[in-house]
Amino acid sequence: MFDAIQRTAGDSHSYLAAGDNRRWPWVLAVLALLWLIKGMAWSAAALAGGLVVVLAGWLSGQVALAGGVQSSTAALSRLLAGMMLKWVVVIAGLVATAAAGLPLLPMLTGVIAALLTQMLAVIGRPQASKA
């Protein structure tokens, strides 16, 4: 039993070492280049929308996972606080970007692209072997 747990932990570490969770720079760069056809402000809006999601996800992870070993209530509270912080930062970033006068459509495509990239990174993790 402990051998299976150790193999599972080893698989997750090899996943992190493989760098599969670092696709977002490429996705945002391609998206910004596509919006560059419409102009520099449109490209900047796409980058801003995507980077807001990346920053919010990082902050959420810091809050949710930085507590060390805790009771289940405290761990769940930290996870919920991290999730709430993520969406507060995303909404505040979008409002600030819109207030700066950047176009909304490319900003929203940047947000959607970053969220899809995060989702695909989580789905694409290797599964533990049953051997």
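None of the figures in this text is laboratory data; all of them are computed from the coordinates on show. Computed from a predicted structure; not experimentally measured. For neighbour counting, all protein chains shown are included, and Cβ atoms are generated from backbone atoms with ideal geometry for every residue, glycine included.
If R₀ is 22 angstrom, what is the calculated FRET efficiency for the pair W87 and I37, using the beta carbon separation as r and rounding to 0.05?
It comes out at approximately 0.10.
Taking H as built 1.01 Å from N, whose amide H comes closer than 5 Å to the amide H of L102, not counting residues under 5 places away?
Answer set, sorted by chain and number: none.
What residues qualify as long-range amide H neighbours of G67, i.e. H under 5 Å apart, gap of 5 or more or another chain, H built at 1.01 Å from N?
none
Can you run phi through the Karplus equation (6.51, -1.76, 1.60; θ = phi - 60°) for the range 45-56 and list ³J(HN,Hα) in whole Hz, with x for Gly and Pro?
For the range 45-56, the Karplus-derived couplings read 5, 5, 5, 4, x, x, 5, 4, 5, 5, 4, 5 Hz, x marking Gly and Pro.
Beyond 19 Å, what share of the Cα-Cα pairs of the range 61-131 is found? Please give it as a whole percent.
Of all Cα-Cα distances in the range 61-131, 56 percent exceed 19 Å.
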